[in-house]
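Q: Okay, here's the structure, questions in a sec.
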Amino acid sequence: MSTLLFQQASFLTSAANVSQAPADRGFEIAFCGRSNAGKSSALNRLTQQKGLARTSRTPGRTQLINFFALDDDRRLVDLPGYGYAKVPQSLKQFWQQHLDHYLRSRSSLIGLVLLVDSRHEPKPFDLAMIDWAKTAGLHLHVLLTKADKLSKSQSQQALFRFQRERRAIGSSQLFSATSGLGLNELGGTLSGWFETAIGSRGQDLL
């Protein structure tokens, strides 16, 4: 099963800025998205651990970069939510600065999982992240979340519309942390990224 690797996840550390992050080696996949897109719920579902990533009814409460170890070389990263939290502008600027620093400076980062609420059109932040990942040459996989809140036909229409309008982004899928819809597809995609990165490092050593 594609998700077995992720069930080994354990909390590693939290960082208020990149200087507090773990050593920049191995491979990381980061989860990003607006504060109400369901990042923590998706991580908990992927790892089959209800309390691994903190969830809150108050979007934006998680203000730190959270690192989860899968093994000695592979990690998942929960980035701070952005764009919704009712916090001072100075704090929003602080988050934006350190989020940008992480994305630009972290050499172990191999891919981004961008979470977008399937019930709504992508917001400017979502589109900016898509463009950034493309420019940086990172893997990008978009989860259209909360698909269980739509009918099957509505969710399929949402996916078709997103893929039609964002053809060059990489890959995308429907996902529900509540029902588990799309869980194996997500696990397979991320496992493939890790395998490709490890294989590339092996080739570099030859």
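The values are calculated or read from the model by the stated rules, or taken from the named source; none is laboratory data. Computed from a prediction, not measured in an experiment: that's the story for all the values here. Here the Cβ is made from the backbone with ideal geometry for all residues, glycine too, and neighbour counts use every protein chain on show.
Q: Considering only residues that are surrounded by fewer than 24 Cβ atoms within 10 Å (Cβ to Cβ) and touching a strand residue (DSSP E or B) at 6+ places or on another chain (Cβ under 6 Å), which ones fall in segment 32-56?
A: Ala53
Q: What pairs come out if I take residues in segment 147-174 that are under 20 Å from Trp132 (Cβ atoms) and pair them with residues that are of a type in the set (A, V, I, L, M, F, W, C) and surrounded by 13 or more Cβ atoms within 10 Å (Cβ to Cβ) whose C-beta lies under 6 Å away, six or more apart or interchain?
A: From residues that are under 20 Å from Trp132 (Cβ atoms), the pairs are Ile169/Ile130; Ile169/Leu140; Gly170/Leu140; Ser172/Val142; Ser172/Phe162.
Q: Can you find a residue in segment 3-11 that is touching a strand residue (DSSP E or B) at 6+ places or on another chain (Cβ under 6 Å), at pLDDT 95 or above, on the phi < 0 side of the Ramachandran plot and part of a loop (DSSP other than H, G, I, E, B)?
A: Yes.
Q: Now for a separate question. Assigned to a helix (DSSP H, G or I) and under 15 Å from Val116 (Cα atoms): does that describe Phe160? Show your work before the answer.
A: On the way: assigned to a helix (DSSP H, G or I): yes; under 15 Å from Val116 (Cα atoms): yes.
Yes, satisfied.
Q: Restricting to segment 27-37, name every residue that is in contact with a helix residue (DSSP H, G or I) (Cβ under 9 Å, 6 or more places away or on another chain) and either of a type outside the set (D, E, K, R) or in a loop (DSSP other than H, G, I, E, B) (or both).
A: Keep residues of segment 27-37 that are in contact with a helix residue (DSSP H, G or I) (Cβ under 9 Å, 6 or more places away or on another chain), which gives 27, 29-34, 37.
Listed by number, the residues that qualify are Phe27, Ile29, Ala30, Phe31, Cys32, Gly33, Ala37.
Q: For segment 163-198, name all the residues that are outside any helix (DSSP H, G or I) and not small (Gly, Ala, Ser). Talk me through it step by step, then tell me what you get.
A: From segment 163-198, those outside any helix (DSSP H, G or I) are 166-182; that's our starting set.
Hits for segment 163-198 are Arg166, Arg167, Ile169, Gln173, Leu174, Phe175, Thr178, Leu181.
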